Amino acid sequence: QVLLVFAEEDEQSNGFRWACDKAGFRCNIARTPQSALECFLDKHHDIIIIDHRHSRYFDAEALCRSIRTTKASENTVIICVVQRHTDREESSILPLISAGFTRRYVENSSRMACYNELIQLEFGQVQAQFKLRACNSLFTALEKSQEAIEITSEDHVIQYVNPAFETMMGYQIGELIEKELTEVPINEKKADFLDTINSCIKIGKEWQGMYYAKKKNGDSIQQNVKILPVIGQGGKIRHYVSISRLCNDNNKVEKTCECIQAESQTDTQTCRHKDMRKGSLDVRSTTSRGSDGSSQRRRSSMARVHSMTIEAPITKVINIINAAQESSPMPVAEALDRALEILRTTELYSPQLGTKDEDPHTSDLVGGLMTDGLRRLSGNEYILSAKQTHQVAGSLSSPISLNDIPPRITQAMENEEQWDFDIFELEAATHKRPLVYLGLKIFARFGICEFLNCSESTLRSWLQVIEANYHSSNSYHNSTHSADVLHATAYFLSKERVKQTLDPIDEVAALIAATVHDVDHPGRTNSFLCNAGSELAILYNDTAVLESHHAALAFQLTTRDGKCNIFKNMERNEYRTLRQVIIDMVLATEMTKHFEHVNKFVNSINKPLAALEENGNNGDGESIKTVLRSPENRILIKRMLIKCADISNPCRPREQCIEWAGRISEEYFAQTDEERRQGLPVVMPVFDRNTCSIPKSQLSFIDYFIIDMFDAWDAFADLPNLMEHLNNNIKYWKGLDGRNLRVLRPPP
C-alpha cells in the first residue's frame, strides 16, 4: 500500500498515482498532514511519499517525525520528493535522514520514472522491511522455546540468549550481551574442550555432544548441546547458534560428541560447506592445541579460510561414503577406504597405466597428448610466432562462387555426404585448399547463411581467411585436417539420433567449431609449447594452450573485418549463445579431458538410454527425449561429436587411415627432432624417425583413446560402417606389427 501526501494535485502526484495503478499497488492520497497521519494509522501503508517541494503548504520533515513516533511506522519506507536544482550545489541529505525519511526522490514527473522508483522500492527497502517484520515472529518463537538458545558473533561475542537460557544458567541477559564467551566461565574444561569443538564448527560443520556447564552460582550441570555455524554475507560464518537442554539420567553415559555436516540457512543464502581435509572430521580424534592467545588467533584465521569453501559434488560423495563407513562391517569399511583413496586423486577419469616398459608407445602418447609438459631447465625458448601477421580478408584474392567451382573439384566432392568420401582427392584437386570448397558445399547444405543472415560472399571470405591461417607446411594439422573434421561433423549431424537431439544453433556451432578447431596450429603439441616457454603457453598459463588459441584467434579473424564477419547480422543474445557453444566445442578437443568427456557421455547418455531399452521403453519417445534434450546432456553430445570427428582417422577407409597415420607420425618425428636440437625434454621418445614402429603407435592410440570412445558413440549414433573400418584397420596394423614391420605399408 502507498500513501501519497501532496497538498495539490500536479504532474508529479499524478505520475506516482499512475505508477501505483500500473504496479498493482493500492494507493491513498492525503492533502494535509493531519489527514495523512490519520490515514496512515488506519491503513498502515508500506510506502509513504511526502511532497517536500513547497514549504508554504506544510512542513514535510515535521510530518515525517510525527509518523515516525508511531509504532506502526517501524517498518514503513518514507520517501521525500525534493525540487530539482540545476543552478546550485547539491545539498546534504542528512537533515532528511534525521527527520526519518528513508530516501529522497528528485522531482521527475515522468510516469516511467515514478514507476521505476516504486519497483526499486518494492524489491529493495520494502522487501527488506518485510523480512525485518517477519523477525518478530521468529523472536517470539525463540522467547517461548523450552530449549536454551544462545547466539554469538563470528568472534564468539554473545549477542542473544533466550529466557530458557537465563533460567538454566542463572544469568540475566544484561550480564551476557556483548561479552565474549571466554569472559563467562560456563565450562569446567573450557580450554581444551572448546578447542575440540572449534575444530569442527570453524570449518562449517555442526557439532553435537555432551558437556558439563557451570551455572552462575557455581553448580555444574550436564547439557546435550548442538552448535550450528550460520553463513552470512560474503559466504563466511557470521554467527554461531547454540541449542542446549539438560541431560536426564538415561543419557548421562553418552559422553561422545560428533561433527555433522551443517545445512543451515539464512534469508538469502543456503550454507553448504566443504571439508578440505580428509573427508569428514571426527572430533574424537582431534587433539588439543592449547588455549593461549596465539592458538586462539590461529583458530580464528583457519575459521575464515574454511568458511570460504563450498561443497563440490565429489565432496558430497566422499561425505556419504564416510557416513556409510561408520556403520559398516570391517571388510566393507576397508573397501570404502580404498574407494576414498581413488576419489581423492585428481585424475579421476584417466586410466592408470602400468610401468613404462610395458607399453612405451601408450605412455609416450599419454605424456605427449594428455599433459602440459615438463618444466624446462635450460635457457632455450621456443617462440610460436605470436607476433606474426595473420592472414586477413583484404590480403587474399577474391574467392570464387559456389556456382563457379571447376569440374574436377565438383567431381571430387560428389559423394561428400558419404563416410567414404576421399578428402585427399579433394586436397589434390584444390591444390591444398579443400576447406574453402568443402565448407561452401556443406554450409550451403545445412543452410548456414540463412541462419546467420549473412551473404554467400561473406561466408566465402570467412572460409578463405580461416583456411589461410592454417599452416600448409604442417604434415597433419593443416586445412586438409580441418576439412576432414568438418566432413565428419556434417556426417554425424545427419544421423537420426543426433538430429533428434540438437537444435539448429547447435548444428551451426558444430560446423563452425570443426572449421576453426585447429586454426594456426604450429604442428607441435601443448607439452612442447609449455616446455619451450612459448609466448602462447605463457599467455594461457600452460592450460589448454592451443585450443584456447584456436578459439580466440577464430573470433579475432572473424570480427576484425566486416567483409568476413559471418556474425555481424546476428542478434546479440543469439550471437553470445552461439559463441559460447563454439568455444566449448573447440576446447573439448583438448586431450587432457578426453576420459572425462567420454565417461560423462557413457554415464549420462549411453547407460540411461540402454536402461530405457532394457525396460521395454524403446518406443517411449518422451523418456528418450528427456535424456537427449536436457541442456547438460546436449553439451556432452556436442563435445563427444567434435571429439570423434577430430580423431576419426582410424575409422576411415584403410588407405585414408594409412595416409593420416603417416602424416601424424611425421609431425611427431619433426617435434622430436626439434626437441633434441633445442635441448628440450623429449615428451614422446618413441617417435624417433629412426626407430619408431608406426603400427605399434597406431595400435596403442586406437586401444587407449579410440575403441571405447567410438563404441560409446556408435551405441548412440548407430555407425556400423565406421566400426567395420576400425576393425579392419586394427587387423591391418596388427598384421604389420606381427611381422615386426615398422613402416606404413608392407614391402611389395
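The values are calculated or read from the model by the stated rules, or taken from the named source; none is laboratory data. Please read all numbers here as calculations on a predicted model, not as lab measurements. Neighbour counts are summed over all protein chains in view; Cβ atoms, including those assigned to glycine, are modelled from backbone coordinates with ideal geometry. With ligands, DNA and RNA removed, areas are computed over all heavy atoms of the protein, side chains included. Shrake-Rupley method; radii C 1.70, N 1.55, O 1.52, S 1.80 Å.
Of all residues in the stretch 312-329, those satisfying the criterion of being modelled with pLDDT of 75 or more and over 32 Å from the mean Cα position of the chain (by Cα) are S328, P329.
Which one is nearest to E667 (Cα to Cα), of the residues in the stretch 522-556 that are in a loop (DSSP other than H, G, I, E, B) and open to solvent by less than 10 Å² (accessible area, probe 1.4 Å)? Top of the filtered list is G523.
Hand me the list of helices (runs of 4 or more DSSP H) wholly inside the stretch 658-748 holding 3 or more residues that are more than 22 Å from H481 (Cα to Cα) and assigned by the TED database to the domain that holds K600. Steps first, please.
Numbers: elements: 694-701, 707-717, 720-738.
Fully inside the stretch 658-748 and qualifying: 707-717, 720-738.
Applying the set (1) without any contact (Cβ under 8 Å) to a residue 40 or more places away in the chain; (2) under 23 Å from G15 (Cα atoms) to R111 leaves exactly one unmet item: (1).
With respect to the conditions (1) assigned by the TED database to the domain that holds D42; (2) surrounded by 13 or more Cβ atoms within 10 Å (Cβ to Cβ), I151 lacks only one, and its number is (1).
Take the conditions open to solvent by 80 Å² or more (accessible area, probe 1.4 Å), among the aliphatic types (A, V, I, L, M) and touching a helix residue (DSSP H, G or I) at 6+ places or on another chain (Cβ under 9 Å) and apply them to L132. Does it pass? Give the steps one after another, and end with the answer.
On the way: open to solvent by 80 Å² or more (accessible area, probe 1.4 Å): yes; among the aliphatic types (A, V, I, L, M): yes; touching a helix residue (DSSP H, G or I) at 6+ places or on another chain (Cβ under 9 Å): yes.
Spelling it out, L132 is indeed open to solvent by 80 Å² or more (accessible area, probe 1.4 Å), among the aliphatic types (A, V, I, L, M) and touching a helix residue (DSSP H, G or I) at 6+ places or on another chain (Cβ under 9 Å).
Kindly indicate the residue of the stretch 330-347 that is open to solvent by 80 Å² or more (accessible area, probe 1.4 Å) and assigned to a loop (DSSP other than H, G, I, E, B) and also modelled with the highest pLDDT among those meeting that condition. Here the answer is R344. Could you identify the single residue in N116, N136, N108 that is closer than 20 Å to R68 by Cα, within 44 Å of the chain's Cα centre (by Cα) and either assigned by the TED database to the domain that holds F16 or acidic (D, E) (or both)? After ruling out the rest, the residue left standing is N136. Close contacts from the stretch 642-666, counting a first residue that is under 25 Å from L502 (Cβ atoms) and at pLDDT 95 or above and a second that is surrounded by 20 or more Cβ atoms within 10 Å (Cβ to Cβ) and among the charged types (D, E, K, R), with Cβ to Cβ under 9 Å and a gap of 6+ residues or different chains, come to A645/D484; D646/D518; S648/D484; N649/D484; R652/D484. Of all residues in the stretch 669-710, those satisfying the criterion of being without any contact (Cβ under 8 Å) to a residue 12 or more places away in the chain and among the charged types (D, E, K, R) are R676, R677.
To keep it simple, each residue is scored yes or no on (1) of a type in the set (D, E); (2) out of contact with any Cys (no Cβ under 9 Å at 6 or more places or on another chain).
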| position | (1), (2) |
| --- | --- |
| F443 | no, no |
| C454 | no, yes |
| A468 | no, yes |
| S472 | no, yes |
| S475 | no, yes |
| N478 | no, yes |
| D484 | yes, yes |
| A490 | no, yes |
| V498 | no, yes |
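Can you tell me how many residues in the stretch 71-85 are closer than 17 Å to C135 by Cβ and in a loop (DSSP other than H, G, I, E, B)? Final tally of qualifying residues: 1. Checking every residue in the stretch 481-499 against the condition of being over 18 Å from N721 (Cα atoms), assigned to a helix (DSSP H, G or I) and open to solvent by 10 Å² or more (accessible area, probe 1.4 Å) gives at least one match. The residue that is nearest to I49 (Cα to Cα), among those in the stretch 1-36 that are in contact with a Lys or Arg (Cβ under 6 Å, 6 or more places away or on another chain) and open to solvent by 50 Å² or more (accessible area, probe 1.4 Å), is Q1.
The residue that is most open to solvent (accessible area, probe 1.4 Å), among those in the stretch 37-48 that are under 21 Å from A128 (Cα atoms) and in contact with a strand residue (DSSP E or B) (Cβ under 8 Å, 6 or more places away or on another chain), is K43. I'd like the full set of residues that are of a type in the set (S, T, N, Q), open to solvent by 30 Å² or more (accessible area, probe 1.4 Å) and within 18 Å of L744 (Cα to Cα), limited to the stretch 671-716. Result: N690, T691. If you check T589, T525, T543 for being among the β-branched types (V, I, T), touching a residue at least 60 places away in the same chain (Cβ under 8 Å) and under 21 Å from T489 (Cα atoms), only one passes: T589.
Quick check on the stretch 86-105: of everything there that is small (G, A, S) and not in a loop (DSSP other than H, G, I, E, B), which residue is farthest from the chain's Cα centre (by Cα)? Looking at residues that are small (G, A, S) and not in a loop (DSSP other than H, G, I, E, B), I get A99. Exactly one residue out of S461, S472, S455, S482 is without any contact (Cβ under 8 Å) to a residue 12 or more places away in the chain and of a type in the set (S, T, N, Q): that is S455.
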